[in-house]
1. Given F158, F151, which one is in contact with a helix residue (DSSP H, G or I) (Cβ under 7 Å, 6 or more places away or on another chain) and open to solvent by less than 60 Å² (accessible area, probe 1.4 Å)?
2. Give the number of residues within the stretch 117-135 that are small (G, A, S) and touching a Ser or Thr at 6+ places or on another chain (Cβ under 9 Å).
3. Checking the condition modelled with pLDDT under 90 and either β-branched (V, I, T) or buried (at least 19 other Cβ atoms within 10 Å of the Cβ) (or both), which residue from I136, I131, I171 passes?
4. Kindly indicate whether any position in the stretch 79-97 is among the polar types (S, T, N, Q), more than 15 Å from L280 (Cβ to Cβ) and open to solvent by less than 20 Å² (accessible area, probe 1.4 Å).
5. Checking the condition in contact with a strand residue (DSSP E or B) (Cβ under 8 Å, 6 or more places away or on another chain) and closer than 24 Å to F294 by Cα, which residue from I31, I91 passes?
6. With the requirement that a residue be among the β-branched types (V, I, T) and either more than 22 Å from V140 (Cα to Cα) or more than 13 Å from the chain's Cα centre (by Cα) (or both), what does the stretch 168-183 give you?
7. So for the stretch 201-212 (the condition being of a type in the set (S, T, N, Q), more than 20 Å from C41 (Cα to Cα), touching a residue at least 12 places away in the same chain (Cβ under 8 Å) and open to solvent by 50 Å² or more (accessible area, probe 1.4 Å)), does at least one residue qualify?
8. Do we find that V308 is in contact (Cβ under 8 Å) with a residue 24 or more places away in the chain and not in a helix (DSSP H, G or I) in this structure?
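The values are calculated or read from the model by the stated rules, or taken from the named source; none is laboratory data. This structure is a prediction, so every number in the text was calculated from the model and none was measured. All Cβ positions, glycine included, derive from the backbone under ideal geometry; neighbour counts span all protein chains shown. Quick note on the areas: whole protein, heavy atoms, side chains included, nothing else; ligands and nucleic acids left out. Shrake-Rupley method; radii C 1.70, N 1.55, O 1.52, S 1.80 Å.
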Amino acid sequence: MLEKHDYDFDSVRAFLVTSMVFLHAFEQFYIKTFNGNFTSCVLIGFVLLSGFVVGVKHTDYMNHRPSFYFAKYFKGSFKLFVLFFLCNLSIMVLLPERFGKLLLLSPDQILRDILLGQRHDIFGFEVLIPIAYTMIITCVLLALVRDKWVFPLAMCVFVLLGFMEKVNMGIMDSYNIKLLLVGFIGGCVGKIVNPQDWDNLMEKFYKGNALTILSVLVLLYYLYLILFTDEGAGAYITFFVPVLPTMTILLLIYMTSKKIKINCLRPVRLITLPLSKNMLFAYLFHILLINSMFLVVNKHSQSALSCVFIGIFVLIVTVLMCWGIEYSAKRLIFFDKIYSTLFR
């Protein structure tokens, strides 16, 4: 998998970005609270997919360019930390009340809250930190583990994640640590998938009606959320329960895209390709755009329909920005170098 450009994998990445846009539109502007369990797969999907890519590429990099492999992900992790600080600084310029809250904290509290992901009312772009952890720790641990132990280790980590959801474990019971474990599970899955003949595996899945089975499982999962979870539940209640459904949803999106050949349609590729290639930029930009909208639209003041239109607006502007970046990068070498350094 991922030996060459995979347009159906672009569909998965674009799905996550699009879902995140609408999640944030409702999270920030909807007048009522909404059941955040419906959107937990979005956050988990970002981290899970990051670990998955590290795992898929792990064997090839370790066999041919191990030093390049470690340098690539350490550099990528450092870049995410830098972007986290720069983007939060920008938000504090737009919303000075966040800076006021920051001044009330001691330096060690600030550092602890950033590393563990404790204060979402002050720090935005929170998913960048666990992704940075995932890139560093997953590539190191996978290098230390024999292939035959990868699956049992993934199961142990999954059980540990479930245990942490039920028991207060201090520092280990933090937002970023839990998401790191989710990312590592994704890395193990990628490591297991890597040796497989991916096209042949997909062919067997289609013959075995896997697409129908996955659709039914996803439908049952959301039916369960409707019937048995609270309407006003928080956005990120648990990371344990939705991990398997998130994998199922992402695989369903991938297989559906591949089955109906949706990326053969040029209008679709005009959206999925730029969002996928510029996934990090799209994530950062749409959050900055939504926060800048607070200057003209009050938080938690809009109807569901208005939030849908806000989400569409933010998505259109984000896609247009990605088009502009692609256009500029092809024509301006210095712009391409600067952009690649920051966002790729």
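1. Among F158, F151, only F158 is in contact with a helix residue (DSSP H, G or I) (Cβ under 7 Å, 6 or more places away or on another chain) and open to solvent by less than 60 Å² (accessible area, probe 1.4 Å).
2. Adding up the residues that qualify gives 2.
3. On the way: I136 fails: modelled with pLDDT under 90; I131 fails: modelled with pLDDT under 90.
Answer to the selection: I171.
4. yes
5. Of I31, I91, the one residue that is in contact with a strand residue (DSSP E or B) (Cβ under 8 Å, 6 or more places away or on another chain) and closer than 24 Å to F294 by Cα is I31.
6. Within the stretch 168-183, I171, I177 meet the criteria.
7. no
8. Against the criterion (in contact (Cβ under 8 Å) with a residue 24 or more places away in the chain and not in a helix (DSSP H, G or I)), V308 does not qualify.
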